[in-house]
Amino acid sequence: MPRFTYIASDEQHNIVKGKTELPDRSSVINALAKQNLRPISIRVLKDKKTSIDFDHLFEPTKVKQDQLVSFTRQLSAMVGAGVPLLRSLSSLEKHSEDAALKKILGTIVKDVEGGTNLGDAMAKHPITFNDIYVNMVRAGESAGILDDILKRLAAQLEKSTAIRKKIKSAMAYPMVLIFITVAAFFGLMLFVIPQIGKILLDLGGADAKLPGITLFMLGISSLITTYWYIIFPAIGGTIFFITRYIKTKKGRRQFHSLLLKIPGVNTIIKKISIARFARTFSALMGAGVAVLESLDVTSRAVGNVLYEEAIKSAAIEVKNGKSLSSVIENNDLFPPIVSQMLGVGEETGQTDTVLIKVADFYEEEVDLAIQSISSIIEPVMIVVMGGMVGLIAASVMTPIAQLSQNIE
């Protein structure tokens, strides 16, 4: 039988902590309710013994987000129509076109047949079903509203996928331009400029006086052609080590701090983080997940370390008896509208509904910000490419014009 640790509050708002051994989370909630305790956080105590699960070690490639959304909607419809859960899962597994999802559903069906809850079975596949998904499914099972929770999940996944696609599509054209610019620069420096320099020296002789811009371009070309075996590995190594450093805890924090200081980019990052916070926290609260647990899961889903730290510190304040709106109000990362709307939600008992409106508002703001910055990036990159081509053309045409005058 699983063991649980819980944090709850009594009628005088005193914090009560404890451990219990009960069949599932709903039993813990019922037991606390009988003691007139309101659950704040409920966690499963894991055994200290660890073992490698070879069945899930070599799963197929990650399930596509579109496939996950489709699966969630179909499961919600089938459960809502009264089809038994095991039969719904078996049917979806049988007709799944995604090989990765098909294999995962096969193992989930076996686990559910063996008596495992759906949320616990999904938790064994964290790459496909993240903490938000698993916690909401668990809450839906406990409250008996799994179909409604799955609808919420599908809507949230669709919103997240839509924002991700918009960001990728907005950045695709500038990234292509950057790649073409860099490739054209090195191509010209390695193959074109050396030949042009040789022609100019042949025409003007060894004592020919070339313009400064031409000497500058020939110098860069000579440096690259002479030391290419050092320059290219150095560039590749720098990119590799920067990428690895960003993946570390310290590097990730510094990178996210830098993003929040870059004009234009910081606005988009803040709005995306707030939209994710509002939608994720709203979904978890609407599913009946405890406040502290919702904040903990939400902090890991925001995508920015500074916001993650802010939400975790807010959870500590909430644990000590403060309201979430009053804590967020004093944090510069959150605009005043978030704390105000959250305060209204706390007063009316409709926090999830209010936060959905906040998420919708900031997602629209993200769309406008992405369109604005992409409209600026494209002409800037075109100007950069044109400037590079113009610089090379000037370095070539200026000495040719001088030589032609000398010949005349």
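Computed from the coordinates by the stated procedures, all read-outs in this text should not be read as laboratory data. Fair warning: this is a prediction, and the values are worked out from it, not measured in the lab. Using ideal geometry, Cβ is built from the backbone for each residue, glycine included, and neighbour counts are taken over all protein chains shown.
Grab the other residues whose beta carbon is less than 12 angstrom from that of residue 249, score K and R as +1, D and E as -1, and report the net.
Neighbour charge sum, excluding residue 249 itself: +2.
Kirkwood Rh over Cα pairs of the range 65-129 into Stokes-Einstein at 10 °C, 1.306 mPa s: D in µm²/s? Don't skip to the end; give the middle numbers.
Details: Rh = 11.8 Å.
Rounded, D is 134 µm²/s.
Can I get the semi-axes of the chain's equivalent ellipsoid? Compute them from the C-alpha gyration tensor as square roots of 5 times the eigenvalues, in angstrom, largest first.
57, 26, 20
Could you tally the net charge around residue 18, taking each other residue with its Cβ under 14 Å from the Cβ of residue 18, Lys/Arg +1 and Asp/Glu -1? Could you put the intermediate results ahead of the total?
Values: positive: 3, 17, 19, 34, 38, 43; negative: 10, 21.
Every neighbour counted, the sum reads +4.
Span-like helices, the chain: DSSP H, alpha-carbon axial extent 30 Å or more, mean Kyte-Doolittle 0.5 or greater, which ones? Intermediate results must be reported in sequence, preceding the final value.
Working: long enough: 146-187 (58 Å, 0.62); 265-286 (31 Å, 0.69); 351-407 (83 Å, 0.96).
The qualifying helices are 146-187, 265-286, 351-407.
Treat the count of other C-beta atoms within 10 Å as a stand-in for reagent exposure and order 136, 397, 381, 217 from fewest to most.
Ranking 136, 397, 381, 217 by Cβ neighbours within 10 Å, fewest first, gives 397, 381, 217, 136.
Averaging the inverse of every distinct alpha carbon separation and then flipping it gives the Kirkwood radius. What is it for the range 166-243, in angstrom units?
About 14.9 Å, per the Kirkwood formula over Cα pairs.
Pull up the cross-link candidates among the lysines for residue 250, meaning alpha carbon to alpha carbon under 22 Å and not fewer than 8 places away within one chain.
Cα-Cα hits under 22 Å: 261, 270, 312.
Can you tell me which of 30-36, 71-77 comes out highest on packing, and rank the rest after it, using the mean Cβ neighbours within 10 Å?
Working: 30-36: 12.4, 71-77: 20.0.
The densest-packed peptide leads the list: 71-77, 30-36.
For the range 112-202, what is the Kirkwood hydrodynamic radius in Å, using each pair of distinct C-alpha atoms?
This gives a value of 17.9 Å.
Measuring from centroid to centroid over Cα atoms, what is the spacing of the range 265-319 and the range 329-408 in Å?
A separation of 24 Å, based on Cα centres.
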